[in-house]
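Trainee: Take this structure, written in structure tokens, and hold onto it; I'll ask about it next.
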Amino acid sequence: MKYFILFGPPGAGKGTQAAAMVEKYNLRHISTGALLREEIAKGSELGLKAKALIDDGQLVPDEVVEGMIENTFKTTKGVSGFLLDGFPRTIAQAEALDKMLSQNSEEVTSVVSIMIPDEMIRERIKHRASIEGRADDASDETITNRIATYHAKTEPLVGYYRQQGKYREIDGTGSIEEVRAGIFSLMESL
Ligand code: AMP
């Protein structure tokens, strides 16, 4: 099985690119953000707890998302691999993922990182807010917290995966088609 991680700051276009990647390579797309938004929509206890953190631009506890990932791995059949989008977001999550996979003699195949500069993050999120209406895209304060959380907790993963020789970076500032072409040519080389 292939285990790809789609990495990058909020607003980099991970969700958009994931859709094309899963289709072309027969992968199961797992977006922890989307799974959490489903829980919120259902009004579950987990969703209620997560909502306050998400609306504040903070991360939900590691154990919550790790459980979601493990559960999806166990219940998915008939795919060539997985595309993790928005997970891992902390070093602890990356370590938990390595442990989960190694128990089945598997490992992360590669990290595909879509990079955009900070100025563009805000612009892209604002644009998405006008289309998708996500609550955590609407407030300036939440966006500021998400950018700060990304730099403090998620960006250290670049070093973590670089050290393992698994980190590949794509310039995310171009058009959707340009970025997609870059990702596909990278995927062919993996
Ligand atoms: P996303 O859709 O990936 O931008 O995620 C939306 C929000 O869900 C994030 O800002 C976090 O509050 C929460 N979230 C999603 N994935 C994770 C994760 N792996 N760890 C912790 N919180 C997460």
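The values are calculated or read from the model by the stated rules, or taken from the named source; none is laboratory data. These numbers come from a predicted model, not from an experiment. Cβ coordinates were reconstructed from backbone atoms using ideal geometry, including for glycine residues, and neighbour counts include every protein chain displayed. Side chains are part of the model used for accessible areas, which takes the heavy atoms of the whole protein and leaves out ligands, DNA and RNA. Shrake-Rupley method; radii C 1.70, N 1.55, O 1.52, S 1.80 Å.
Trainee: How long is the gain from GLN164 to GLU106 if the chain were fully straight, where each residue apart is worth 0.36 nm and the alpha carbon distance is subtracted? Can you show the working numbers first?
Mentor: Values: separation 58, 0.36 × 58 = 20.88 nm, distance 1.46 nm.
Taking GLN164 through GLU106 to full extension adds about 19.4 nm, to one decimal.
Trainee: Below 10 angstrom from the Cβ of ALA92, what's the summed charge of the other residues (Lys, Arg +1; Asp, Glu -1)?
Mentor: Values: positive: ARG89, LYS153; negative: ASP62, GLU63, GLU66, GLU95.
My count for the surroundings of ALA92 gives -2.
Trainee: Using modelled amide H (1.01 Å from N, peptide plane; none on Pro or chain starts), what sits under 5 Å from the amide H of GLY81, excluding residues fewer than 5 places away?
Mentor: Here LYS2, ARG28 satisfy the definition.
Trainee: How much length, in nm to one decimal, is gained on full extension between ASP171 and THR72, taken as 0.36 nm per residue of separation minus their Cα-Cα distance?
Mentor: Values: separation 99, 0.36 × 99 = 35.64 nm, distance 2.97 nm.
Between ASP171 and THR72, full extension yields 32.7 nm more.
Trainee: Would you kindly derive the ³J(HN,Hα) couplings of the stretch 42-53 from the backbone phi angles with the Karplus curve 6.51 cos²θ - 1.76 cosθ + 1.60 (θ = phi - 60°), listing them in order in whole Hz, with x for Gly and Pro?
Mentor: Result, ordered by residue: 6, x, 6, 4, 4, x, 5, 5, 5, 4, 4, 5 Hz.
Trainee: I'd like the Karplus ³J(HN,Hα) series for the stretch 177-187: coefficients 6.51, -1.76, 1.60, θ = phi - 60°, whole numbers in Hz, and an x wherever there's a Gly or Pro.
Mentor: 5, 5, 5, 4, 4, x, 5, 4, 5, 5, 4
Trainee: Using θ = phi - 60° and the Karplus form 6.51 cos²θ - 1.76 cosθ + 1.60, what ³J(HN,Hα) does each residue of the stretch 76-87 get, whole Hz, x for Gly and Pro?
Mentor: Using θ = phi - 60°, the values come out as 9, 10, x, 10, 8, x, 10, 10, 8, 10, x, 8 Hz.
Trainee: Continuing with the same structure: State which entries of LYS126/LYS153; LYS24/LYS74; LYS42/LYS74; LYS24/LYS77 exceed 20 angstrom in Cα-Cα distance in the structure shown.
Mentor: Pairs exceeding the cut-off: LYS126/LYS153; LYS24/LYS74; LYS42/LYS74.
Trainee: Work out, in µm²/s and without decimals, the Stokes-Einstein translational diffusion coefficient of the chain at 10 °C, 1.306 mPa s, Rh from Kirkwood over C-alpha pairs. Show your work: numbers first, answer last.
Mentor: On the way: Rh = 16.9 Å.
The Stokes-Einstein estimate is 94 µm²/s.
Trainee: Taking only protein heavy atoms and a 1.4 Å probe, what accessible area per residue, in Å², does the chain have with all protein chains in place?
Mentor: Working: 9500 Å² over 190 residues.
Result: 50 Å² of accessible area for each residue.
Trainee: Let me ask another. Run the accessible area of the chain with a 1.4 Å probe and give the carbon-and-sulfur part as a rounded percent.
Mentor: Numbers: 4810 of 9500 Å².
So the carbon and sulfur contribution to the accessible surface is 51 percent.
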